[in-house]
1. Among the chymotrypsin sites (Phe, Trp or Tyr not before Pro) in region B:1-71, which ones are in a DSSP loop with at most 15 other Cβ atoms within 10 Å of the Cβ? Mind listing them?
2. Residues with amide H under 5 Å of B:T73's amide H, sequence separation 5 or more or different chain, H placed in the peptide plane at 1.01 Å from N; which?
3. Out of all Cα-Cα pairs in chain A, roughly what percent, to the nearest whole number, are more than 29 Å apart?
4. Please give the charge dipole size of region B:211-313, origin at the Cα centre, charges +1 on K and R Cβ atoms and -1 on D and E Cβ atoms. Round to the nearest 20 debye.
5. Averaging sequence separations of C-alpha pairs under 8 Å and six or more residues apart, then dividing by the length of region A:4-219, give the relative contact order as a whole percent.
6. Which whole number gives the average count of other chain Cβ atoms within 10 Å of the Cβ atoms across peptide A:103-110?
7. Nearest-5 percent of antiparallel DSSP beta bridges in chain B?
8. Calculate how many DSSP beta bridges within the protein assembly as shown are antiparallel, expressed in % of all such bridges and rounded to the nearest 5.
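What follows draws every value from the coordinates through simple rules; no lab data is involved. From a predicted model like this one, the values you see are computed outputs, not experimental measurements. Positions of Cβ are backbone-derived with ideal geometry, glycine not excepted, and every protein chain shown enters the neighbour counts.
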Amino acid sequence: MDRTIVRVEHLGKQFGPVRALADLSFAVDEGEIFGIIGPDGAGKTTLLRILAGVLRPDAGSLQLFGRDLLRELERARPLIGYMPQNFSLYGDLTVRENLLFFSTMYGASDPAWMDRLLHFARLERFLDRRAAQLSGGMQKKLALIGAMIHRPRLLLLDEPTTGVDPVSRRELWDLLSEFHLQGVTILVTTPYLDEAERCTRVALIHRGRMLAIDAPDRLRASLGHPVIEVIARPILQVHAALMEHPGVLEAVVLGDRIRLVVREGSLSPEDVEGVVRAIPGAIIQEARWAAPRLEEVFAHLMRREAVDG
Amino acid sequence: MFRRIGAVIYKEVLHILRDPRTLAVMFLIPVVQLFLLGYAATTDVKYVPMVILDWDRTPQSQELVDAYRAVDTFRIIGYVERQEDLTRLLDAGRAQVALLIPKGYGADILAGRPATIGLVIDGSDPTVANNAYAAALSIAQNHSTRILRRILNLDPRRMPGLDPRPRVWYNPELRSANYMIPGLIGAILQFLTMLLTAQAIVREREQGTMEQLIVTPIRPVELVIGKVIPYVLIAFIDFGLILTLGALWFRVPIRGHLGLLLALSGLFLLSSLGFGLLISTVASTQREAMLLTYFLLLPSIFLAGFLFPIQAMPQVLQWVSYLIPLRYMLVILRGIIVKGVGIEPLWDEALALTVFGIVVMGLAARRFRKRLE
């Protein structure tokens, strides 16, 4: 049985002279948490808006549950829940009024389900508070359960955790896991790579193009270059010296340490220690092989894209 | 379908009730406009300040001054002795009309000779000047006839010559409130429905809520109907408010059939709601919607014959005025309220409004899409 729930083929979208999406193809299976990663302006929001039927693409095809989404958009709407990046419920209506309004729009009034959603989101106590008076995190949770009010099978979430404190972020992800357990397929964009780790698969979009798409651990393994982590002082001089080395592809300062992506066979932790010792006054504490992080994979892919394109 | 429309109406009413500024716009503006136009924008010319320069000082000159004192067009503010004082008063605007009676006026009258008098009128305000001019002249002519009759010793009932008997229909006292207030109803209905409809939809786009609304299965027509109905209701509440205040406070007579007036107003609202929707498809912010509304509204106020008569406009502008729905509505309002006419003389206007309503609404419906772009 085909478990593909979303199939995007050769999708393109142009805004005047700006090409937002170019020849984008991918498929999402039922039950996935599919992460879409990319820098600002990569086209993530445009992609989600097209999937939500808010924008129309200029090129390509879109299938949802095996049906042409563009042709049967209105019939597909009840199957999709969409949470835009900016708060999009009515600030001057209360939590209850907002949820009732949207459930009526979907013709899906189910008080028991609404109570459960409120319970999941821990918003029961704020039923009669106007949405504008909720904290940022609570607004996001309200928007999320608002998108779930009609029990969609596919959730499209555009940066649901941007601008939210760490506690609310975790609560939002707990909510997502809850919905995922109930069989909802989730497409989520995020600028946070730790959130990408929680996805079943991740797509990296850059300038409207797909750079990579795979499970997070497979993506990490795909870097193809070893990584060395160095703890040394003074960190900026050490960083500058390591950047000079021909074997170093990338060197990024991360807190108290430096992460190096190096050319295979060109540089070992011992070589790094040698480089650091050659700097007058520098002290090395540690240099060791490390597992690649998603960030390094993406930085590397984007750099290669920039060189190629 | 009806549940969704009902929910949109309910939500819209909540927005309105929770926004004091919108409420103020909806109910304060009509009332303020009504009182402004009822009192200030009156074209009735009354109590024009008049100064007298009487070099004659005879019972005859006094009689002439009394003739001017007897009408309420003029208010005699006093006498001056010298011409410079008269000029000063006119310059300062404290007097707008001056009556000059030369020395020898009384003697000329008594001798049965032609007697000259001078009238100076401040023409800087043409409305006042025209009325004052006509009134001053007709008072002088009446007085002249009286002098003639006395000299010829004629029985007033057997006076030769014309005996005109003008009769003013519909508005015998020529009160401008009877003209302005019915017109105001049309202007307010148009302004409110256009502006509020446009803003109600643009606000959803501006605040990002439209994005959430679009992804629901609501149909554009349901959204439009639900959004528009509250403002139609408000328009009719304002309609009743202005009509009631106009009748009770400004004593505007309501002679025609109210049901007919309501029905034709509904027809008129089609086109102004349509314009509001069209604006909402073009404007992306509430400020833009506001500016566009004014841009469309101002010419329609000036060209539809709300303040200035269409007959007096250059031919080109008269043609343009045919494109303004308010023009037809004003004829209907004044016809039904002031003249008390039925539908027969208003068929053309009703037809024009129907055509406009269908065309504008059709255009708006074609442009209105459930999409963000």
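1. Filter output for region B:1-71: B:Y47, B:W55.
2. Sorted by chain and number, the residues that satisfy this are B:Y47.
3. Of all Cα-Cα pairs in chain A, 46 percent lie more than 29 Å apart.
4. Dipole size: approximately 280 debye.
5. 30 percent
6. Values: counts 2, 9, 13, 5, 6, 2, 1, 0.
Across A:103-110, the average partner-chain Cβ count within 10 Å equals 5.
7. Taking every DSSP beta bridge with both residues in chain B, the antiparallel ones total about 25 percent.
8. 60 percent
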